[in-house]
Amino acid sequence: MKCVKINIILNKNLAKSVVDDLYALGIHQLFMEVGRSSLLNVNAGFTNILKRHNLVSYPVEILSFLVDEENETAVLGYIAKKYDLRSPGKGTIYSQEIDVLHSHPEYSGVQETHFKRKYTENFFHQLVGITCVVQRGEGDKISRISLNYGASVPATTHGEGSGVRDKLGLLRITIPPEKELINLVLSKHDTNPVMELYIEVGKLDEPGRGIAYVYPIKQGIVNTKISRSKTDQAASLEQMVSAIDALKGGMEWRKSSLEREATKHRDFLFDLTELNLICEEGKGTELTEAAMSSGAPGATICKIRFNSLDEDLELRRHIREICKMIVPTAKVQAIAEELSATGCFEDDAKAMLYSLPVDKAFTYRAKEIKKRS
Amino acid sequence: MNKKKESPRFRVSSNEAINMILRYIRIKVSEQIKAVSGIIVYLILFQALVLGIPILDASVIALGMVMVILGLTFFMEGLLLGIMPMGEEIGIRLPQKAKVHVILTIAFILGLASTFAEPAIGVLKAAGSSVLAWEAPLLFLFLNKYSSYLVAAVGIGVGLALVLGMFRFLKGWSLKPYIYILISILLGLSLYASFHPNLKHIIGLAWDCGGVTTGPVTVPLVLALGIGISHVANRGGENTEGGFGVVTLASLVPVIAVLILGMMFSAQVPAPMDDVSFFAPDNHESVNLFDSVSEMQDYAISKASYPAQLNAFNGREDDLMAYVAKIGSSEARLREVFTTLDNFRTWLVQNGSIGIKDQFSEILTLEAEGVAAANNPLDDLDVVTYISRNVSSALRAIVPLSLFLLAVLYFVLRERLAKADEVLLGLAFALVGMAVFGGGIELGLSKIGDQVGSNLPVSFAPMENHAGRSIIKGFDKELVNVAVQPDGSTTEFFYYEDHGKIKVAKFDAKNFDEIRKLYRYVPVRGPLFGRSPYSMAGILVVMIFAFIMGYSATLAEPALNALGLTVEDITVGAFKKSLLIQSVAMGVGTGIMLGVAKIVWNIPLFWMLGPLYLLLLVVTYLSTEEFVNIGWDSAGVTTGPITVPLVLSMGLGIGTQVGVVEGFGILAMASVCPILFVLGMGLVVNLRRKAFLKEYEPENLELTHEDVAV
């Protein structure tokens, strides 16, 4: 079933109010994930001498929920207007087209909203998302890239890697499973240089460093407040840039004199799909193993909070796990069947599986000389 | 699961495996070296450079330090691989399968068991070893005869705390009202106690109990369990995010329990008095403090003045002498009562009758070798008991709790442990780590801590320097002169030539061997800072020392590291571990510094704790729920296996010099200050965030979903 997933990234203090608004609109089920966003602290005073730009982190909440295409712009428009996401620094909102493959009946799937009329706002359409998965502790290095580049503000979340590590027996404890996921939404024409910097800074061309992948975004508004600086003008630079963004209907005009040529030829991977499996806490590792037996290379498992207005459950486990897997598109069917066979979409694990297309991805690949015929 | 395919194991060559393990060990060990080296280097430098005293047993201490680092490495890894995942998983499963009353029962048992598993009573006994029965009878009773009651009261307190904490998670309540209510009760009880002659001495004990009960295994376990349980809650469970808060309760409720226990027994003990009337034959209540009459007599002989000793024997000197003669003839009894041969000798010189002096003339003589050997009889290490003691305390801390939780998982919940191999390996690591770590503390850290602690008062007061003592041969009473003071009292002294310099030395009868004409000369050092004893400069040096010691010891605490990692993980790095640990360490340093001030100037504990806790109530009211939970929990984890022995040796060193009744309260101060620091830091962080994210405030657009259209 094709539908639209809407993602909102906002300062944590606002999360409760957004959730209440969404409930009022008829969105009764949504997922929440804790993350952090960062800004460059330009006026860091004395510390400037030591570090050029300090990174200041603040907690954010990443909300997501499913709607159908008809309601998409209305919801986007309402939230964008109410929380003034047009102004830089307020937050990010975007929509993605996804395909729900299997789902436990607990998830209501596409939710109807109460809008009578449609609301249209000038959203950017030339957007893509990049997610970069690296070892815990490396995240700030990656976050810095898009901030220094002036692209947009990333949101970092935590997860645990599962894959080759779990096949090592007890030797696995020597490899820390903790990962950081840096999620970034940015203008399409910034993709290549940012991706190249990701690979370079994150050393993704070395084994065991991580992966970065690019996926399409339907439309949205991007947070472009990349630095914290005193404003002594009528409007900050970011405000002006974002005003021009709005006038031009996109960010393409910011032609990049900055844009750097990709110096190296990179072997990107194509024909991939991101599979997301949401399940009860504690089931993720087991289900990842099942998926791996059908060709998934591994997964990053994150904890998310499942918020639902259904009040029938007194003591409900609202923490779920989401297993993100980047798999060859050809194997999606087989993996879905394998997962289905485990019975995870029934009451045992209350799972939901949806897929998103991936434009391209980059990670270390072992030289394939050893491969026997 | 209908179908299960075995995924093939990944093959790794043995060479690669060794490389992986070596890299892993290198990373983990270097983490601990970073954490521990600060306190080690600091103590060594302070003793060698500031106090100017050589380090005794340096090689044993070095071995101990290596053991501390290795032990901590294993223990931390065991916490992260075994104890915490096990706690979290059980916490997740419990509310699913068990009814509320079952969960609360399990929580109570866990709290009770954890107190018995990691008994802090040894620590408290050590802190109270200078307590005299007649000065603080109630305190003496709880530290000795009724110490099991004390442990039980603390256990029940921790059990109740866990029940309250888990109930809070299930209901999604805020921690703040709990704090307001508990602190009000606590301050009320302490205020009442501070006006009661007997109860006022157990205030320090009660507050210290709160700090030390939450040990390095209990804290991470309870934290993880809380994280699991807090994943299950009604909507609006934002208050209990992260599973913090139980540790706070576990350090507050036991204080109440101990104070109540004190009130229950305060009628049964005599009021504080001097030792002569305490041991008076008609004071029958004093025997209640001891198991038997002979134990009381032992105690009188080792601690009380001579007239009081006579009183303990109904005024019959013959009985007393016969009793001491019997003690002197048995090596074991001698150690039990006098600890060292030297103490026995001193007793004989000061109190002995001619008959008993004759009987023990061998001991009365001062042979150079004999003195050296007699002074350190307890220092030679019994390897077998040393190993078995540390192994068994590690077993007791980890095995019963883990078995109980695993039994709950398998038999009550009928679930299996995911990654059971990893958890078991983790538990084994924790066990090995704890044994090695405990042994290392005993050999290394407490040894150097004792040396520094006992020598510390030299910075503000004159102290005998036993390391520099010598035997003067051919000493005669005729060499002794008398100096007179304005009020007519006299001091005996003699002249002593040391490397061509003529010094004046006080004469002390207990160092004089009349038979062989030997005198044991003990030079006096200090005060090193300031001109006169107890000058501000000297005390300031001690306070600065206390601050830095508290600060650097806290950086190495394993439970705090576990808390820091949890906080960082739950806030996805927005709240950095290092920020938390730094503010807690500053808080502990400040607290210990204030605790030293309490001992030096003998300030009543309540007048230090009361204002601080009142201030805390205000700061708590102003702070966000997130910081309140983390800040208050950090108070419980600060006083761990590294800080406590160091604080105790320092407190004892200063306390003995100053002559206070009891040295309790430093740990309580070290618990309250970190809360203030963390909450204060939280307020600053929040203000800053607000200041530069002002634009994040939603403009109150009066939009409803009806009029969203254009």
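The values are calculated or read from the model by the stated rules, or taken from the named source; none is laboratory data. Bear in mind that the values here come from a model prediction, so they are computed numbers and not experimental data. Neighbour counts run over all protein chains shown; Cβ positions are idealised from the backbone, glycine included. These accessible areas exclude ligands, DNA and RNA; they are computed on the full protein's heavy atoms, side chains included. Shrake-Rupley method; radii C 1.70, N 1.55, O 1.52, S 1.80 Å.
Under 9 Å between Cβ atoms, which residue pairs at least 6 apart in sequence (or on different chains) link something in region B:602-617 that is assigned by TED's automatic domain parsing to the domain that holds B:T590 with a partner that is open to solvent by 40 Å² or more (accessible area, probe 1.4 Å) and of a type in the set (D, E, K, R)?
Going by the 9 Å Cβ cut-off, the qualifying pairs are B:P604/B:K200; B:L605/B:K200; B:F606/B:K200.
Residues being at pLDDT below 85 and not charged (D, E, K, R): count how many of those fall in region A:263-313.
Of the residues in that region, 7 qualify.
Tell me, which residue of region A:11-36 that is part of a strand (DSSP E or B) and more than 8 Å from every other protein chain (Cβ to nearest Cβ) is least open to solvent (accessible area, probe 1.4 Å)?
In this case the residue turns out to be A:L30.
Need the failing condition index for A:D245 against (1) open to solvent by less than 10 Å² (accessible area, probe 1.4 Å); (2) at pLDDT below 75; (3) over 30 Å from A:D267 (Cα atoms), just the number.
Only one criterion is unmet by A:D245, namely (2).
Scanning for something modelled with pLDDT of 90 or more and surrounded by fewer than 16 Cβ atoms within 10 Å (Cβ to Cβ), does region B:620-631 turn up at least one residue?
Yes: one or more hits.
Restricting to region A:52-73, name every residue that is more than 18 Å from the chain's Cα centre (by Cα) and over 17 Å from B:F575 (Cβ atoms).
If the condition is that a residue be more than 18 Å from the chain's Cα centre (by Cα) and over 17 Å from B:F575 (Cβ atoms), then A:R52, A:H53, A:D68, A:E69, A:E70, A:N71, A:E72, A:T73 are the ones that fit.
Where residues in region B:75-114 are of a type in the set (V, I, T) and open to solvent by 10 Å² or more (accessible area, probe 1.4 Å), which of them is nearest to the chain's Cα centre (by Cα)?
We begin by selecting, within region B:75-114, every residue of a type in the set (V, I, T); these are B:83, B:90, B:92, B:100, B:102-103, B:105-106, B:109.
The next check asks that each one be open to solvent by 10 Å² or more (accessible area, probe 1.4 Å); those that pass are B:92, B:100, B:102, B:105-106, B:109.
On the way: B:I92: 33, B:V100: 35, B:V102: 34, B:T105: 29, B:I106: 28, B:I109: 24 Å.
Step by step, filter region B:75-114, then rank; the result is B:I109.
Yes or no: region A:171-178 includes at least one residue that is touching a Phe, Trp or Tyr at 6+ places or on another chain (Cβ under 7 Å), not in a strand (DSSP E or B) and not charged (D, E, K, R). Lay out the reasoning, then the answer.
Quick first cut of region A:171-178, residues touching a Phe, Trp or Tyr at 6+ places or on another chain (Cβ under 7 Å) only: A:174.
Filter once more, keeping what is not in a strand (DSSP E or B): A:174.
Keeping just the survivors that are not charged (D, E, K, R) gives A:174.
Checked region A:171-178: at least one residue is touching a Phe, Trp or Tyr at 6+ places or on another chain (Cβ under 7 Å), not in a strand (DSSP E or B) and not charged (D, E, K, R).
Give me a count of the residues in region B:412-432 that are modelled with pLDDT of 90 or more and more than 14 Å from chain A (Cβ to nearest Cβ).
Qualifying residue count for the region: 2.
Within the bounds of region B:132-148, is there any residue that is without any contact (Cβ under 8 Å) to a residue 12 or more places away in the chain and farther than 25 Å from B:F411 by Cβ? Please lay out each step first, then the result.
Filtering region B:132-148 for residues without any contact (Cβ under 8 Å) to a residue 12 or more places away in the chain gives B:148.
Still in the running and farther than 25 Å from B:F411 by Cβ: B:148.
Checked region B:132-148: at least one residue is without any contact (Cβ under 8 Å) to a residue 12 or more places away in the chain and farther than 25 Å from B:F411 by Cβ.
Could you list all residues from region B:291-309 that are touching a residue at least 40 places away in the same chain (Cβ under 8 Å) and open to solvent by 10 Å² or more (accessible area, probe 1.4 Å)?
Hits for region B:291-309 are B:D291, B:Y299, B:S302, B:K303, B:A304, B:Y306.
From A:L10, A:L40, A:L22, which residue is touching a strand residue (DSSP E or B) at 6+ places or on another chain (Cβ under 7 Å) and free of Cβ contacts under 8 Å to residues at least 60 places away in the same chain?
A:L22
Restricting the search to region B:155-183, which residues are open to solvent by 60 Å² or more (accessible area, probe 1.4 Å) and more than 27 Å from the chain's Cα centre (by Cα)?
Hits for region B:155-183 are B:F167, B:K171, B:W173, B:P177.
Are any of the residues in region B:151-166 within 13 Å of chain A (Cβ to nearest Cβ) and part of a helix (DSSP H, G or I)?
Yes, region B:151-166 contains a residue that is within 13 Å of chain A (Cβ to nearest Cβ) and part of a helix (DSSP H, G or I).
If a residue must be of a type in the set (D, E, K, R) and touching a Gly at 6+ places or on another chain (Cβ under 6 Å), how many such residues does region A:323-364 contain?
1
Can you name the residue in region A:66-119 that is aliphatic (A, V, I, L, M) and either away from chain B (no Cβ under 12 Å) or open to solvent by 20 Å² or more (accessible area, probe 1.4 Å) (or both) and is also farthest from A:I335 (Cα to Cα) among such residues? Lay out the reasoning, then the answer.
In the first step, residues of region A:66-119 are kept if they are aliphatic (A, V, I, L, M); the result is A:66-67, A:74-76, A:79-80, A:85, A:93, A:98, A:100-101, A:110.
Subsequent filtering for residues that are either away from chain B (no Cβ under 12 Å) or open to solvent by 20 Å² or more (accessible area, probe 1.4 Å) (or both) retains A:66-67, A:93, A:98, A:100-101, A:110.
Values: A:L66: 23, A:V67: 25, A:I93: 31, A:I98: 17, A:V100: 14, A:L101: 11, A:V110: 23 Å.
So the residue we want is A:I93.
From the list B:I592, B:I548, which one is within 24 Å of B:Q657 (Cα to Cα), surrounded by fewer than 22 Cβ atoms within 10 Å (Cβ to Cβ) and at pLDDT 90 or above?
Numbers: B:I592 fails: surrounded by fewer than 22 Cβ atoms within 10 Å (Cβ to Cβ).
Going through B:I592, B:I548 in turn, just one is within 24 Å of B:Q657 (Cα to Cα), surrounded by fewer than 22 Cβ atoms within 10 Å (Cβ to Cβ) and at pLDDT 90 or above: B:I548.
Among the residues of region B:482-500, which ones are open to solvent by 80 Å² or more (accessible area, probe 1.4 Å), farther than 17 Å from B:P523 by Cβ and part of a strand (DSSP E or B)?
B:V482, B:V484, B:T490
So which residues in region B:124-165 are in contact with an Asp or Glu (Cβ under 9 Å, 6 or more places away or on another chain) and either closer than 16 Å to B:G111 by Cα or charged (D, E, K, R) (or both)?
Within region B:124-165, B:E135, B:K145 qualify.
Only one of these is over 26 Å from B:W347 (Cβ atoms) and without any contact (Cβ under 8 Å) to a residue 40 or more places away in the chain: B:K503, B:K477. Name it.
B:K503
What's the number of the only condition in (1) out of contact with any Phe, Trp or Tyr (no Cβ under 9 Å at 6 or more places or on another chain); (2) open to solvent by less than 60 Å² (accessible area, probe 1.4 Å) that A:R144 fails to meet?
(2)
A:T191 versus (1) open to solvent by 40 Å² or more (accessible area, probe 1.4 Å); (2) of a type outside the set (A, V, I, L, M); (3) at pLDDT 80 or above: which is the lone unmet condition?
(1)
Any residue at all in region A:37-51 that is at pLDDT below 85, touching a His at 6+ places or on another chain (Cβ under 8 Å), of a type outside the set (D, E) and part of a helix (DSSP H, G or I)?
Checked against the condition, which is being at pLDDT below 85, touching a His at 6+ places or on another chain (Cβ under 8 Å), of a type outside the set (D, E) and part of a helix (DSSP H, G or I), region A:37-51 yields no hits at all.
What are the residues in region B:216-243 that are open to solvent by less than 10 Å² (accessible area, probe 1.4 Å), outside any helix (DSSP H, G or I) and modelled with pLDDT of 75 or more, if any?
The answer is B:V217, and nothing else.
Buried (at least 19 other Cβ atoms within 10 Å of the Cβ), within 30 Å of B:L80 (Cβ to Cβ) and within 16 Å of the chain's Cα centre (by Cα), is that true of A:T157?
Yes: the conditions hold for A:T157.
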